[in-house]
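S.K.: Below is one structure. I have some questions about it.
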Amino acid sequence: MKSQKYFPRQISRNKGKVKIYSFICLLLPFYFWLFPVTSAVAAKRERFSCPADVETLITILLRDLPSYANRVTQRARLRDRSLDVYGYFIVAGQAEFSPLTLGPGEYNPTTSQGGDNIQQVFFTTLQRRYTSKKPVQIQDYHWLFLTKTESGWRLAMMFSMTGPYPAGLPPTAPRDSSYGVIGQAIEIWLRDCYAGTVRSLRSSQSPR
């Protein structure tokens, strides 16, 4: 008898829930019609256009560079698990755009572009390198050459020096790092930038 009394009540409660759900489903289309997508969501959906201005381009690049470089090192470690030394990039420093003289010599980039299409950029990266003994912090000094093409800015050549952090001993001699971790990270980032998959400065500066 108890179950017979309970069963109709349960059906009544379920009907009440169905009515509430139906009412909510009817209201949702009117809500989105009255209150369109917020500006924050719209900004995320907005397709990003890679900046033509090289200083703005480099500012966004250096913001993302540590994460891109860490992905490159992670893929390298997956390919070669015998590596006992690896680095984790923490931050990239502010860029300098004052060029050095591009006379003939060892560090003159080999490119068919004219001098007006070459942009020099100087910046630093800080990485924490882990060994079997203890972690150490290392600062790298980069001299980047970008070349302007019909499809946008591309990496032409890059040289890097490595030193301890905080600075103590002098850094190493410049080496061609175009195909190193940072060079690969820059090329991947530029590819993503012109594909429209990079966050703009406005979206990164907006409060979370």
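Each value in this text was obtained by applying a stated rule to the coordinates, not by laboratory testing. Note that the structure is predicted; figures quoted are calculated from it, not measured.
S.K.: Pulled fully out, how much extra length does the chain show between A76 and V91, if you take 0.36 nm times their separation in residues and subtract their Cα-Cα distance?
M.R.: Extra length available between A76 and V91 comes to 3.4 nm.
S.K.: Here is a further query. Which length gain, in nm to one decimal place, applies between Q120 and E150 when the Cα-Cα distance is subtracted from 0.36 nm times their residue separation?
M.R.: 9.0 nm
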